[in-house]
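Following: one structure in structure tokens, then a few remarks.
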2 protein chains.
Amino acid sequence: MIGVFDSGFGGLTVLRALLAQMPGASFVYAGDTARLPYGSKSRATIARYAADSARFLVDQGAEFLVIACNTASALALDEIRDAVSVPVLGVVEPGAAEAAAHSETHECIVLATSATVESHAYANACSQLGVRAFEKACPLLVPLVEESWTDHPVTRQVAKIYLEEAMAGAERDGLHPDAIVLGCTHYPLLRSLFAELIPPAMRIVDSAESVASRVAANFPATATPPAALQCTFFATDSVDKFRVLGERFLGRPIPSVQLVDLGG
Amino acid sequence: MIGVFDSGFGGLTVLRALLAQMPGASFVYAGDTARLPYGSKSRATIARYAADSARFLVDQGAEFLVIACNTASALALDEIRDAVSVPVLGVVEPGAAEAAAHSETHECIVLATSATVESHAYANACSQLGVRAFEKACPLLVPLVEESWTDHPVTRQVAKIYLEEAMAGAERDGLHPDAIVLGCTHYPLLRSLFAELIPPAMRIVDSAESVASRVAANFPATATPPAALQCTFFATDSVDKFRVLGERFLGRPIPSVQLVDLGG
């Protein structure tokens, strides 16, 4: 059983990618919705919250943990690994590795939350793979996705502003990026919008897909995958909201969600 | 000493109004920044968080509590009153009272967070004063203010969309509103933008000013108010961020902020 953790709904895009690549596996998902968003919080607070959730998932039987939250992966991966005894994989390193594999200029742009950008986790992960990254914080994109304005003129305008600022910043740093990393699990819902706004030669790297490929490589494929969704869902706040909003991220119905109190 | 509580920075617009009306009073402010935003959380979670903060402010010596958070005022005022033995005033009822005092049609629009709108706290408070309210959730306005886009074309477009939807909704309900209540403590930073977008005959009611007037009426004016800011600030997360962002809401420098752990 694979445990998937996020501060909220965004990690469901990672679960979606995992289900597509590992249809036979069982999953347990925990969304710490009572304490979201992590993106605006300090490292110490994020580490404490994420470790609580990681321990909970292991208590539920998870034998492998995917930290499907860019902010927690960027800021608290070591603390999460210290808190549990099962393997833990974050989204940052697989995203950076895919950018490295596909960028010919070895230069990329990373779009993420403020906390992820301030941590420079992507720039550091890219640097270790010989790739220079320009990181751009896009704090309005998460609320726009959660408002369901994924195909809305305002979102297009905001995305255009952020992309232009990122391109200009990269140019100032002397970079010629040919890949753009979606370093937040909400951003896959804006993928087609980004695809229209970026230069045709630029490649989109979705960290959700990158981490799913990495996890799938660790497990043998099941011969006859079950048709039904093999996932138990937990949320720390309103389970109704989780189900309604979560189905948009997961791209399929969520049969039931259980409320869990992780403290706080 | 007056205690002022908010989930974050927004309540500083209430403190700003209090300082303007009560320059001689002493204040203690608690911003539960580690657990913000409350606007997207459930009633039970908000009540638990708000009661923690209320008890903390009383422990600090507060003899009167102002719940400068619309969401907590709307959803958890009874629980906060149960948690402490000092008088507690929320922002909702004073805002509704000011709308009632100034509306000639006795019909108004309330702009607020999703949680405040879903609670119908403003509609209920208005109803008790003979005013019919159309409540409109505006979830993007808080992140836009926190992005510092208070005077930005995107924010104007978003505010215009929300206002048009509110006007259309009020009309469908047969209302002719002549007052618009800013039912979130972030919205005073958008007051001039709203003023440009609404019909000239429509009056803006700022709950922050309404509650400050109500508190000031409870206390005698000081003959010689001190020149310096008489307020101690506490935050549950990054004190640096609180100071930098908070100064925009307070409209004056914040000398120092103390970190406090309220659990969670």
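Where a number appears in this text, it was derived from the coordinates with a stated rule and is not lab data. In this text the structure is predicted, and so the values were computed from the model without any measurement. All Cβ positions, glycine included, derive from the backbone under ideal geometry; neighbour counts span all protein chains shown.
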As computed over the stretch A:20-177, the Cα convex hull volume per residue (Å³):
136 Å³
Only helices counted: for the protein assembly as shown, with every DSSP H run of 4 or more residues adding -39500 (n - 2.57) and the sum spread over all residues, [θ] at 222 nm is -14000 deg cm²/dmol
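For B:Asn124 and B:Leu262, what does the FRET efficiency come to when R0 = 25 Å and r is the distance between their Cβ atoms, rounded to the nearest 0.05?
Details: r = 29 Å, r/R0 = 1.15.
That pair, B:Asn124 with B:Leu262, gives E of 0.30.
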Order of B:Lys41, A:Lys160, B:Lys136 under a 10 Å beta carbon neighbour criterion, fewest first
A:Lys160, B:Lys136, B:Lys41
In whole percent, the Cα-Cα distances of the stretch B:89-147 spread across 10 Å bins from 0 upward as 25, 49, 23, 3
Hey, fewest Cβ within 10 Å first, where do A:Met22, B:Met1 land in order?
B:Met1, A:Met22
Only Lys, Arg, Asp and Glu count, each charged at its Cβ (+1, +1, -1, -1), so figure out the dipole size of the stretch B:1-140 about its Cα centre, rounded to 20 debye.
260 debye
Centroid-to-centroid separation of the stretch B:111-170 and the stretch B:7-72 [C-alpha atoms, Å]
21 Å
I'm checking a number: the convex hull volume of the Cα atoms of chain A, normalised per residue, in Å³. What is it?
120 Å³
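Where does the charge balance sit around B:Lys136 when Lys and Arg score +1, Asp and Glu -1, over other residues with C-beta under 11 Å from its C-beta?
Numbers: positive: none; negative: B:Glu135, B:Glu164, B:Glu165.
Surrounding charge for B:Lys136 is -3.
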Which of the pairs A:Lys241/B:Lys160; A:Lys136/B:Lys241; A:Lys136/A:Lys160; B:Lys41/B:Lys160 have their Cα atoms more than 21 Å apart in this structure?
A:Lys241/B:Lys160; B:Lys41/B:Lys160
Please list log₁₀ I(q)/I(0) at q = 0.16, 0.21 Å⁻¹ for the stretch A:98-212, using the Debye equation with identical point scatterers on the alpha-carbon positions.
-0.67, -1.19
Starting from the Kirkwood radius over alpha-carbon pairs of the stretch B:17-86, derive D by Stokes-Einstein at 4 °C in a medium of 1.567 mPa s and give it in µm² s⁻¹.
102 µm²/s
P(r) histogram, all alpha-carbon pairs of the stretch B:149-260 included - 5 Å bins from 0, percent:
2, 9, 14, 16, 16, 15, 11, 9, 6, 2, 0
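What is the mean number of Cβ atoms from other protein chains located within 10 Å of the Cβ atom of each residue in peptide A:143-153, rounded to a whole number? Mind dumping the intermediate values first?
Details: counts 10, 4, 0, 5, 7, 0, 3, 0, 0, 2, 2.
The shielding value for this peptide is 3.
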Enter the Cα centre distance for the pair the stretch A:185-209 and the stretch B:173-208, rounded to the nearest angstrom.
38 Å
For B:Lys160, inter-copy label-point distances (7 Å, Cα→Cβ), nm, shortest first, read 1.4
Might you report the magnitude of the Cβ-based charge dipole of the protein assembly as shown about its Cα centre, with Lys and Arg at +1 and Asp and Glu at -1, to the nearest 20 debye?
100 debye
Which distances in nm, rounded to one decimal and ordered from shortest, link the label point of B:Asp59 to the equivalent label points in the other identical copies, with labels set 7 Å from Cα toward Cβ?
2.4
Per-copy distances of the B:Ala201 label point, shortest first, in nm (7 angstrom along Cα→Cβ)
6.0
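For the residues B:Tyr122, A:Tyr49, what sequence is obtained by ranking on other C-beta atoms within 10 Å, fewest first? Numbers along the way, then the final one.
Numbers: B:Tyr122 31, A:Tyr49 28.
Ranking B:Tyr122, A:Tyr49 by Cβ neighbours within 10 Å, fewest first, gives A:Tyr49, B:Tyr122.
What's the whole-number percent of alpha carbon pairs in the protein assembly as shown lying beyond 41 angstrom?
Working: 32216 of 139128 pairs.
Percent of Cα pairs beyond 41 Å in the protein assembly as shown: 23.
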